[in-house]
Amino acid sequence: MTFYDPDEIDRQNAFEKRKQRGKGPPKKGHGKRASLAKNKKNTGHKGRYGHEFFRFEIDKYGTLKYANNSNYRRDSIIQKTLQLSPTLINEIQRIIEDSEIMHEDSSKWPHQDENGRLQLEIEMNGQSINIETAKISSLADTLSTEDPEGLRVLYYLIQDFKCLILSIISLHFKIKPIA
């Protein structure tokens, strides 16, 4: 019996579509990269517990500012600031370049609604992009839109960022270090 990961199949299909457009596989970075001027991600909604959001921003100096506001059980906002290494900045740039989000057209993407919004702002290598769309809760939310492939690229990029940033925060602010 064989099990298939639907996310992996989607990534393989996206790779095949890139090949058909003549773009080939994502390029691997070599040498020194230009500095990341700004990378900002913000998602949130107003719900039963008030305005809830998850936000992080990385400036050109490698400073990561993280904020998470849940208001669940009257929790207060969680804010953290830390300095990222040049190697980690290069990895974030590689993730952005490999996703090709800078080449996506967000004009056909859904606008903010009652479920919330997702905002992504990137300034890198002399290019900038500012995307604001409806909150994407799952990959299934992208299927019923006019540009499912573009939203799929955004969804995977956001998931990669969330995973990376939350791992960094968890490792950096560990209460009991691993012995």
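The values are calculated or read from the model by the stated rules, or taken from the named source; none is laboratory data. Predicted, not measured: the structure shown is a model, and the values here were computed from it. Reconstructed Cβ throughout: ideal geometry from the backbone, glycine too, with neighbour counts over all protein chains shown. Just the protein is used for accessible areas: all its heavy atoms, side chains included, with ligands, DNA and RNA removed. Shrake-Rupley method; radii C 1.70, N 1.55, O 1.52, S 1.80 Å.
Looking at region 105-118, which of its residues are crowded, with 16+ Cβ neighbours inside 10 Å and part of a strand (DSSP E or B)?
Gly116, Arg117, Leu118
Would you pick out the residues in region 137-156 that are part of a helix (DSSP H, G or I) and more than 18 Å from Gly116 (Cβ to Cβ)?
Scanning region 137-156 gives Leu143, Pro148, Glu149, Gly150, Arg152, Val153, Tyr156.
If only one of Leu171, Leu164, Leu157 is touching a residue at least 60 places away in the same chain (Cβ under 8 Å), surrounded by fewer than 16 Cβ atoms within 10 Å (Cβ to Cβ) and of a type outside the set (D, E, K, R), which one is it?
The match here is Leu164.
If I ask for residues that are of a type in the set (Phe, Trp, Tyr) and either modelled with pLDDT under 75 or open to solvent by 30 Å² or more (accessible area, probe 1.4 Å) (or both), which ones from region 36-83 would you list?
Selection gives Tyr49, Tyr61, Tyr72.
For region 128-147, which residues satisfy the criterion of being closer than 23 Å to Ile89 by Cβ and either open to solvent by less than 90 Å² (accessible area, probe 1.4 Å) or among the small types (Gly, Ala, Ser) (or both)?
Within region 128-147, Ser128, Ile129, Ile131 qualify.
Determine whether region 84-92 contains at least one residue that is hydrophobic (A, V, I, L, M, F, W, C), open to solvent by 70 Å² or more (accessible area, probe 1.4 Å) and outside any loop (DSSP other than H, G, I, E, B).
no
Could you tell me which numbered condition Gln79 fails, if it satisfies all but one of (1) over 15 Å from the mean Cα position of the chain (by Cα); (2) outside any strand (DSSP E or B)?
(2)
If I ask for residues that are in contact (Cβ under 8 Å) with a residue 40 or more places away in the chain and either of a type in the set (Gly, Ala, Ser) or within 17 Å of Ile131 (Cα to Cα) (or both), which ones from region 96-108 would you list?
Ile96, Glu97, Ser99, Glu100, Ile101, Glu104, Asp105, Ser106, Lys108
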